[in-house]
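Everything on this sheet refers to the single structure shown next.
The values are calculated or read from the model by the stated rules, or taken from the named source; none is laboratory data. Owing to the predicted nature of the structure, the values given are computational and were not obtained by experimental measurement. Quick reminder, even Gly has a Cβ in these numbers, built from the backbone with ideal geometry, and neighbours come from all protein chains shown.
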Amino acid sequence: MKLVRKTRFWLGGLFSRGRFNAEMEDELQMHLELRTEKNIAAGLSPQEAHYAALRDFGGVDQIKERARDQRNVAWVEHLLRDLRFAVRMICAHRWFSTAVIVTLALGIGINTTVFTLVNAVLLKPLPIPGGERLVTVAGQNLKKTGDSTRISYPDFREFRTQNRTFEGIESARLERAILSDGHNLPERREIGLVSAGMFSLLRTPPVLGRDFTVADDRPGAEAVVLLGYSVWKGRYGSAPGVIGSIVRINGAPATIIGVMPQGFEFPKYQELWMPICPTEQIESRANRDLWLFGLLKPSTSIDAARADISVIAARLAAKFPETNKDLGAIVRTFQDTYNGEQVRSIFFIMLCAVGFVLLIACANVANMMLGRSIGRARELSVRAALGASRWQLVRQLLVESVLLSCLGGLLGLALATFGVHAFDLAAHDTGKPYWIVFNMDLTVFCYFAAISIASGVLFGLVPALRASRIDLNTALKDDTPTSGRHRGGRLTAALVVVQLALTIVLLAGAGMMMRSFLAVQAVNPFVPAGSIFTAQLQLPAGKGERYADSARRLQFYGKLMALLEALPGVTQAAVASSPPGLGAGSRQIEIEGRRNPNSKQWQRASLVVQSAGYLPLIRLPVLAGRGFSEADGDTGREAAVVTHAFAAKYYPNQSAVGKRFRFIENDKPGVWMTVIGVCADIVQDTTDPDAPPPIYISYRQDPGGWMSLILRCSSDPAELAGPVRAAVQSLDQDLPLDGVSTLTAALRHQQWFLSIFGTLFLIFAAAGLVMASVGIYAVVAQVTARRTREIGIRIALGATASGVERLVLSRGLTQLLVGLLLGLSGAVGTMKLLASTGLLYRASSNDPVVLAGISALLVTVGGFACWLPARRAAKVDPMVALRCE
Amino acid sequence: MAKPELLSGTLDLLVLQVLNGGPLHGFAIAERIHALSQDVLIVEEGSLYPSLYRMEEKGWIEPEWGQSDKGRRAKFYSLTKDGRKQLTAERQAWDRIALAIGDVLKNA
């Protein structure tokens, strides 16, 4: 009942304001009359009695106002009134408002975009019921600095049965497998070998067919496979009849039992799933190759799970010391497991960068508001004179700025929608896990709303506080706008300096990324990447597989190269363990006659295994000795070509040709290899600046199962895919060909990171630079405009145009330089941070070229922005200027 | 002698107590407090009306338009059930404080 009455009172107050005011008027009027009568009774004249009553009463309107404020609805009324007024002001100053809204839209839009990305990558749980409770369990080497390892099947079983904090734990082994059947070309797909309960743990049943059951992962169970939606659609044309048919996975038959939902690729980008059936090998406790996924019980903390799991791990370590000694276990959230330190730091840096953009935008708008508040001083003084308190003035100005920022935010939201879409397209082909979906959800919207309102308060508060600090006497009397000349001058200057400093920091980040990007592009200029075709072969070379015998592999490569060289348009063909610029495995080596400084720490080299034609094909010049001949690499003729850097490092001041070294594998030395030639330097790994120098050996010496085909072509390399695939298939029907592309495209794909994030940072920095320049221009122009009369007098008294220009410029340029110096110190810090992430190619933490470049850019653009108003000032006609006020 | 200031927070108590005797309009409330305090306490209109509106909002008193003894239309306030409870609570609180202050003044 109480609530009903209260609500009625509240609503009544809000909607029947007229009646409320009339009744209050009546009530107070009667009070006044009664008092007057009493005064008359005491012997005063009616006139005197009335005045005495009024005097005693105090301000009738103030009483009314205070009585009104006792009601809860008062604040709503005030807010509505302020809002109405704000809308009127915004419409009245159309251009000013547009400038503010556009600036904020840019700042808020960029922020919302990046937060959407951060949310998708780092915050959003897996889209399954209870996804926020999904964790991974991994082994942890307690002795070796906590390296994490995978987990063996028997250990998995113990974790699953003994834990008390999980709803369930399931395991998966992630591999690639060849999918073949009688009808389509064989394809290599990502496969997850999972324990049978995996999909019921994830609450994700197949859309077609059935899930795995406990019968499916028993030893010796009949092989079954679940298809990913994309495989079903792409390879089998979404035919429902595919259920029950038999395909071959790595050559072994398996029955298709179902199709998983669209977009489901758990845990990363798996497209096929089969149950793990324990075999003798899998049952070995030393064989650790499982990832464990668990769902915590509701309202169980991850710390409780950690304690639970480590107790089990400790028990296992005590029980099976041979295999599990010093082996602990760690529980991490799903996100933490898949987002490495690098991913987190790059997104953190991005969030900081866009925070800077927003700060610049706010500083800019704050300056505009400050500038205008000087013009509004009279309006505010009148309000104050009519009885508005300072708080009321501040509130009204704040409502106006928050309304402006919300309008800017709405425009920014549209911008962000576009930005997120663009990023999604750009990041489409970068191997991101399936659960990273770039879209806006409630979290993003809350963030968006928070920054919209917060920026309104941020840029509105200082100008509002300052504008409301009014000395009524001077403000009302003084008619000339010059009166406010000094007010806010220092604050304005500080805001400009902050903007410029933040811009320099942003420019430093962008500059570094661009430089790194350009450096990567300029790597290995001698390689004719545009006319090179590459593709990956993976011969099944495991124990008991078709290419287990190295002679078979050699034979296959030999035949294939002969076939390929005969193709029209191909001028040279070679195989290599990796194409130029796309990385290489590193090996431990021992240099003959050179004592190892530390027997535990062997020397290292990056190894590329290749066929004889490879070096001439990529145009890597041999500087000393000779290149490979066909016979090199046969037993007794083990040979190597080393790069100049390798020779300089290990054979300083002598010829490397004829010297010997050997590989050390598992602390066991291999055969001695003779250096037959020294070739020019090449960057084999653009992602690791500390990669050891490369060496080349013949594929005859070490014919691995993974090889890249490298073809030099005279025609368009893109047209070769079909014929090359046909050639491979003519030798082996079940062998797929992966990664078919030109070398240029492969290199570009390798550098997607730099190109996407470099572009983003460039956009941030450009936005910052434009805003800061407009900011400094606006401030200098405003100050100049206010000094028109003064300048006119100076010119009339004989000041030269250049003197006036200098006068106006000096102020702007001082701010520019202070901002630059402040910014540069921040920039060095930023560059250090970026360099430490290891994401950039050849990034040095204080690259003088970048620092000089961004300083020059800022000084040029900022200087130009200052010079424009200065030039106008110099052209002032003294007669006009003196009359202008 | 300066006019004694009404202790802050006590106005509500006085108004409630006065209304406990029956419905009154604003002027009468002020007069009644003035008279009952032997002309010591003067209730300012600037405090009285905000106080009345606040207590109305809280549901302690209820307004009703009626005829005053001189036939004028006036707004009469009367105590509600909640108001009576509030009065008891505030009286007890006041008694405790008065006693405590008295003790301090006597024994210090």
The lone condition B:L16 fails out of (1) within 12 Å of chain A (Cβ to nearest Cβ); (2) within 11 Å of the chain's Cα centre (by Cα); (3) modelled with pLDDT of 85 or more is (1)
Of all residues in the range A:289-310, count the ones that are within 29 Å of the chain's Cα centre (by Cα), small (G, A, S) and crowded, with 16+ Cβ neighbours inside 10 Å.
1
Matching helices (runs of 4 or more DSSP H) fully within the range A:19-92 where at least 3 residues are under 17 Å from B:L48 (Cβ atoms)
A:46-57, A:60-69
Yes or no: B:L52 out of contact with any Pro (no Cβ under 7 Å at 6 or more places or on another chain) and more than 9 Å from chain A (Cβ to nearest Cβ)?
no
Under 7 Å between Cβ atoms, which residue pairs at least 6 apart in sequence (or on different chains) link something in the range A:290-313 that is touching a residue at least 40 places away in the same chain (Cβ under 8 Å) with a partner that is assigned to a helix (DSSP H, G or I) and of a type in the set (S, T, Y)?
A:L290/A:Y153
Output the residues belonging to the range A:282-299 that are modelled with pLDDT under 90 and closer than 19 Å to A:V135 by Cβ.
A:R288, A:S299
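Per-residue answers, yes or no, for (1) touching a His at 6+ places or on another chain (Cβ under 7 Å); (2) more than 17 Å from A:W867 (Cβ to Cβ); (3) at pLDDT 85 or above:
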{"position": "A:G758", "(1), (2), (3)": "no, yes, yes"}
{"position": "A:F764", "(1), (2), (3)": "no, yes, yes"}
{"position": "A:A778", "(1), (2), (3)": "no, no, no"}
{"position": "A:E790", "(1), (2), (3)": "no, yes, no"}
Could you check how many residues of the range A:147-158 are surrounded by fewer than 20 Cβ atoms within 10 Å (Cβ to Cβ) and either closer than 27 Å to A:G340 by Cβ or in contact with an Asp or Glu (Cβ under 8 Å, 6 or more places away or on another chain) (or both)?
5
Would you be able to say whether some residue in the range A:833-845 is closer than 18 Å to A:G511 by Cα, surrounded by fewer than 14 Cβ atoms within 10 Å (Cβ to Cβ) and modelled with pLDDT under 85?
yes
Mind checking which residues of the range A:103-136 are in a loop (DSSP other than H, G, I, E, B) and of a type in the set (A, V, I, L, M)?
A:L126, A:I128
Per-region count, the range B:59-76, residues free of Cβ contacts under 8 Å to residues at least 40 places away in the same chain and within 9 Å of another protein chain (Cβ to nearest Cβ):
6
Tell me which residues, restricted to the range A:672-693, are among the small types (G, A, S) and farther than 14 Å from A:G583 by Cα.
A:G677, A:A680
Has the range A:42-57 got any residue that is modelled with pLDDT under 80 and within 7 Å of another protein chain (Cβ to nearest Cβ)?
yes
Output yes when any residue across the range A:627-647 is touching a Pro at 6+ places or on another chain (Cβ under 9 Å), at negative phi, at pLDDT 90 or above and charged (D, E, K, R), and no when none is.
no
Residues that are surrounded by fewer than 18 Cβ atoms within 10 Å (Cβ to Cβ) and farther than 26 Å from A:E271 by Cα, drawn from the range A:423-446
A:D441, A:L442, A:T443, A:F445, A:C446
Of the conditions (1) buried (at least 17 other Cβ atoms within 10 Å of the Cβ); (2) within 12 Å of chain A (Cβ to nearest Cβ), B:I33 fails just one. Which one is it?
(2)
Checked against (1) loosely packed, with under 15 Cβ neighbours inside 10 Å; (2) hydroxyl-bearing (S, T, Y); (3) within 14 Å of chain B (Cβ to nearest Cβ), A:T36 satisfies every condition except (1)
How about the range A:159-185: which of its residues are in contact (Cβ under 8 Å) with a residue 60 or more places away in the chain, buried (at least 19 other Cβ atoms within 10 Å of the Cβ) and not in a strand (DSSP E or B)?
A:F159, A:N163, A:T165
Within the range A:522-581, track down each residue that is hydroxyl-bearing (S, T, Y), within 13 Å of A:L711 (Cβ to Cβ) and within 33 Å of the chain's Cα centre (by Cα).
A:T534
